[in-house]
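Asker: This is the structure I want to talk about, given as structure tokens.
Please treat every number below as a calculation from the coordinates, not as lab data. Here the structure is a predicted model, which means the values were calculated and not measured. Every residue, glycine as well, gets a Cβ built from its backbone with ideal geometry; the counts of neighbours run over all protein chains shown.
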Amino acid sequence: MSRRRQIYEGKAKILYEGPEPGTIIQYFKDDATAFNAEKKGTINGKGVINNRISEHVFSRLSHIGIPTHFIRRLNMREQLVRQVEIIPIEVIVRNVAAGSICKRLGLEEGEPLPHTLIEYCYKDDALGDPLVAEEHIACFQWASNEEMHDISSMAIRVNDFMSGMFAAIDIRLVDFKLEFGRLYDGDFSRVILADEISPDGCRLWDMKSGEKLDKDRFRRDLGGEEEAYREVARRLGLLHDEDSNPGEVLDLSSHRTRLRGTPAPTPKK
Ligand code: 5GP
């Protein structure tokens, strides 16, 4: 069997040349990084879960008319996507104050924002993905005004859809990151949603307990990251019964699962 050509290796994914021109294979790794790759580790099974979650979210988004790069999932860790020219902007959508905005503006984590906020960061690891204004994007021609119009309206639609999707399974969508790419047709291009949507790039809080079900568990050394990612997949209906014990209820406060009906372990003094 001929070896596939690797196009790019990122922190959480490897991209290979796809079987047809204009296609790419995205391979999801278990590697996890935080703080601009200063902290490195692995989350067992993360690649498999993120591949499934991203497939689910992108498929549902395309059903509501959001154009995406997703074509189909190939296997446990790989999906076939359209090749795009990635726009070098991270689009951050925030509903609730958390993470970098709290440090920057002195906000309390968990404060609902007066309205949904979109922020843009310039994708550059060496610079630590700095926050930029739309003026910078226009000035340095990272994206045109028309593209920015499409990007911001798609980001709002994605937020509206995902907020509802997660609320239905008792998860608060606090914030998330999107990436977009240009799909060329001759000299013309249009912007479509690219990359992935998974607990690696979203803040997801359990509505009742407030437990974090996302990469903040790894970033902040909270433990239980595998269980948290699996819990998101389970609630989305993506794990089969043989993958999870249906009688289990997640108790991330002790980083363990306990059987429904059994008392929670008493914390050690
Ligand atoms: P913050 O700016 O608070 O660090 O991140 C805001 C949101 O965007 C969080 O949900 C975070 O996971 C996501 N995010 C920001 N930058 C990155 C990044 O470089 N990679 C990933 N996977 N997610 C990011």
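Asker: For the stretch 196-205, indicate whether the set of residues that are of a type outside the set (Lys, Arg) and over 28 Å from Val81 (Cα atoms) is non-empty.
Answerer: Yes, some residue in the stretch 196-205 is of a type outside the set (Lys, Arg) and over 28 Å from Val81 (Cα atoms).
Asker: Can you tell me how many residues in the stretch 110-139 are surrounded by 14 or more Cβ atoms within 10 Å (Cβ to Cβ) and among the charged types (D, E, K, R)?
Answerer: Residues in the stretch 110-139 being surrounded by 14 or more Cβ atoms within 10 Å (Cβ to Cβ) and among the charged types (D, E, K, R): 4 in total.
Asker: Of the residues in the stretch 37-96, how many are polar (S, T, N, Q) and in contact (Cβ under 8 Å) with a residue 60 or more places away in the chain? Break it down stepwise before answering.
Answerer: Initially, the stretch 37-96 is screened for residues polar (S, T, N, Q), giving 42, 44, 50-51, 54, 59, 62, 68, 75, 79, 83, 95.
Filter once more, so that each one left must be in contact (Cβ under 8 Å) with a residue 60 or more places away in the chain: 44, 50, 54, 68, 83, 95.
Total meeting the criteria: 6.
Asker: Okay, moving on. Check Val81, Val132 and return the single one that is within 16 Å of the ligand (Cβ to nearest atom), over 25 Å from Trp205 (Cα atoms), of a type in the set (Val, Ile, Thr) and touching a Phe, Trp or Tyr at 6+ places or on another chain (Cβ under 8 Å).
Answerer: Result of the check over Val81, Val132: Val132.
Asker: Right, here's the next one. Return the pair list, or none, for Cβ contacts closer than 7 Å from residues in the stretch 97-115 that are near the ligand (Cβ under 8 Å from one of its atoms) to residues that are of a type in the set (A, V, I, L, M, F, W, C), at least 6 apart or on different chains.
Answerer: Going by the 7 Å Cβ cut-off, the qualifying pairs are Ala98/Val174; Ile101/Leu107.
Asker: Can I ask one more? Can you pull out every residue in the stretch 1-15 that is free of Cβ contacts under 8 Å to residues at least 24 places away in the same chain and closer than 29 Å to Arg234 by Cα? Lay out the reasoning, then the answer.
Answerer: Keep residues of the stretch 1-15 that are free of Cβ contacts under 8 Å to residues at least 24 places away in the same chain, which gives 1-10, 14-15.
Within the stretch 1-15, Glu9, Gly10, Ile14, Leu15 qualify.
Asker: Sticking with this structure for a sec: Residues that are away from the ligand (no atom under 16 Å from the Cβ) and either of a type in the set (Ser, Thr, Tyr) or surrounded by 16 or more Cβ atoms within 10 Å (Cβ to Cβ) (or both): list the strands (runs of 3 or more DSSP E) wholly contained in the stretch 151-207 that include at least 2 such residues.
Answerer: 171-185, 188-194
Asker: OK, next. Within the bounds of the stretch 15-38, is there any residue that is polar (S, T, N, Q), within 16 Å of the ligand (Cβ to nearest atom) and loosely packed, with under 15 Cβ neighbours inside 10 Å?
Answerer: Yes, some residue in the stretch 15-38 is polar (S, T, N, Q), within 16 Å of the ligand (Cβ to nearest atom) and loosely packed, with under 15 Cβ neighbours inside 10 Å.
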